[in-house]
Amino acid sequence: SGNIASLKEVFKKDFGIGTAMNTPQIEERDPKVNAFIKEQFNMVTPENIMKAEELHPQWDVYNFTLADKLVEYGKKNNIRINAHALIWHSQLPAFARRIQDVDSFKTFFKNHITTVATRYEGKVFSWDVVNEALNEDGTMRKSIFLSKLGDDFVTEAFRLAQAATPTAELYYNDYNNEQPKKRAGCLALVKKVKDAGVRIDGVGIQGHWHAGKVPFKEIEESLLQYAALGLKVMFTELDIEVLPRNFSGADISQRMKEDPSLNPYANGLPDSVQQQLASDYEQLFKLFLKHKDKITRVTFWGVHDGQSWLNGWPVRGRTNYPLLFDRQLQPKPAFYSVVGLKQAK
Ligand code: G3I
């Protein structure tokens, strides 16, 4: 892979280029993949291992092994760690989901943020302090955090994080927060934190989009509006999937074996879809470059297609193609269209 361009080098003067790393990569099980990560990316987000479920399995038990390893990996390879995520309704440990009384829940909330953020103070570049607290209509999502702590929990989370890790940048992160209603909710949420005198440094737009349906106009409006609040804007979990999500029923995996149309690209991506993906990524990066003064990083949600969460969601066992590198770590047409934006001039 030494003879292909390096994304981090190509966009060096523009914004950081990140990837999510999952357990096998943090454990360096495949040296080829780890060498590739070093070549292509200068920032990393742990895909799962810094979530509460992984770090904090029981009231008094923390498991920092993999997170510490990732921090070491970053230090050794000069890669920034964008830690993810302190407070999220999903992937919460079972013990926390079962807490009944408000005071105990408050204690869990405070202990979790303080213990984790303190441990990595000075060691990670940033934290997604709160992840996905909003509904599509911009109201607060129903969650154990909302029901136990009320809608000030977001501000409280940032307050606690700020105290525990004064040098880390602190972000709010969500998906679809480029869409007008959710964006309005997100802007209001951020203002609320700021008005309380609590520091919030940026907003992450996750960027889980669909080929042929990337909302360019809303993305541009959003990054301008978030930036106008004095926030750093970043694209934190970028992928563009090619499969439909309109599945229902738990039996889909079985049906998929009998009906190949449910996994239409199992044997490869047709040229037309490949080109659509390339054109979507090209337009997207064109937009990023146009506003590069407002965008601090673009992080892909995975290194290569074979390892993307989108092969397993909403049902397991499909074959998706959402990233710039294929299952053999070869650059796809989308990679060349993105890199070509810089080489053209
Ligand atoms: O670790 C267990 C393993 O022990 C077990 O054998 C295996 C079998 O099910 O599951 C493993 O856990 C899985 C975990 O990923 C680690 O690979 C979970 O089942 C699986 O649900 C989990 O999925 C992650 C998902 O968040 C959870 O909600 C995806 O990898 C991860 O990409 C995804 O990331 C989220 C962001 O954090 C927030 N934004 C949306 C994004 C996509 O959903």
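The values are calculated or read from the model by the stated rules, or taken from the named source; none is laboratory data. In this text, all values refer to a predicted model and were calculated from it rather than measured experimentally. A quick note on method: Cβ atoms are made from the backbone with ideal geometry, for glycine too, and the neighbour counts reach across all protein chains shown.
Taking segment 271-308 as the range and being among the acidic types (D, E) and touching a residue at least 12 places away in the same chain (Cβ under 8 Å) as the test, the residues that pass are D280, E282, D305. Of all the numbered requirements in (1) more than 21 Å from V338 (Cβ to Cβ); (2) more than 16 Å from the ligand (Cβ to nearest atom); (3) of a type in the set (A, V, I, L, M, F, W, C); (4) within 20 Å of the chain's Cα centre (by Cα), A266 misses one, and that requirement is (4). Taking the condition surrounded by 14 or more Cβ atoms within 10 Å (Cβ to Cβ), within 16 Å of the ligand (Cβ to nearest atom), over 21 Å from A161 (Cα atoms) and under 21 Å from the mean Cα position of the chain (by Cα), does L223 pass? Judged against the criteria, L223 is not a match. Selection of first residues in segment 134-158 that are at positive phi and of second residues that are not β-branched (V, I, T), restricted to Cβ pairs under 7 Å at least 6 apart or on distinct chains, gives the following pairs, ordered by first then second residue: G138/K181; G138/K182; G138/A184; G138/G185. Only a single item in (1) buried (at least 20 other Cβ atoms within 10 Å of the Cβ); (2) farther than 20 Å from G207 by Cβ is not met by P260, and it is number (1). Do you know which of the residues in segment 40-65 that are surrounded by 15 or more Cβ atoms within 10 Å (Cβ to Cβ) and among the charged types (D, E, K, R) is nearest to N131 (Cα to Cα)? The selected residue is K51. Out of E47, E28, one residue alone is more than 22 Å from W127 (Cβ to Cβ) and touching a residue at least 12 places away in the same chain (Cβ under 8 Å). It is E28.
Being part of a loop (DSSP other than H, G, I, E, B), more than 9 Å from the ligand (Cβ to nearest atom) and either of a type outside the set (A, V, I, L, M, F, W, C) or within 16 Å of the chain's Cα centre (by Cα) (or both) is the filter here; which residues of segment 295-320 pass it?
Scanning segment 295-320 gives V303, H304, P314, G317, R318, T319, N320.
Scanning segment 66-107 for residues being within 16 Å of the ligand (Cβ to nearest atom), over 16 Å from V130 (Cβ atoms) and either in contact (Cβ under 8 Å) with a residue 60 or more places away in the chain or surrounded by 13 or more Cβ atoms within 10 Å (Cβ to Cβ) (or both) gives a total of 6. Only one of the listed residues (G212, G202, G197) is crowded, with 22+ Cβ neighbours inside 10 Å and not aliphatic (A, V, I, L, M). That residue is G202. Any residue that is within 16 Å of the ligand (Cβ to nearest atom) and among the hydroxyl-bearing types (S, T, Y) - is there at least one of those in segment 1-17? No; the residues of segment 1-17 include none that is within 16 Å of the ligand (Cβ to nearest atom) and among the hydroxyl-bearing types (S, T, Y). In segment 125-143, of all residues being among the β-branched types (V, I, T) and within 16 Å of the ligand (Cβ to nearest atom), the one that is surrounded by the fewest Cβ atoms within 10 Å (Cβ to Cβ) corresponds to V130.
The criterion of being within 21 Å of I49 (Cα to Cα), among the polar types (S, T, N, Q) and crowded, with 21+ Cβ neighbours inside 10 Å does not hold for N177.
Sort out for me the strands (runs of 3 or more DSSP E) sitting completely within segment 198-281 that have 1 or more residues that are in contact with a helix residue (DSSP H, G or I) (Cβ under 6 Å, 6 or more places away or on another chain).
Result: 202-205, 232-241.
Do the conditions hold for K292, that is, is it in a helix (DSSP H, G or I), of a type in the set (K, R) and either under 30 Å from L229 (Cα atoms) or within 12 Å of the ligand (Cβ to nearest atom) (or both)? No. Of the residues making up segment 158-197, those that are more than 16 Å from the ligand (Cβ to nearest atom) and either in a helix (DSSP H, G or I) or out of contact with any Ser or Thr (no Cβ under 9 Å at 6 or more places or on another chain) (or both) number 24.
Against the definition (closer than 19 Å to L323 by Cα and modelled with pLDDT under 95), how does R255 come out, yes or no? Spelling it out, it is not the case that R255 is closer than 19 Å to L323 by Cα and modelled with pLDDT under 95. Annotation: L146 fulfils all but one of (1) outside any helix (DSSP H, G or I); (2) surrounded by fewer than 23 Cβ atoms within 10 Å (Cβ to Cβ); (3) among the aliphatic types (A, V, I, L, M); the unmet one is (1).
Within segment 311-324, being within 30 Å of R255 (Cβ to Cβ), of a type in the set (A, V, I, L, M, F, W, C) and at pLDDT 95 or above holds for one residue alone: L323.
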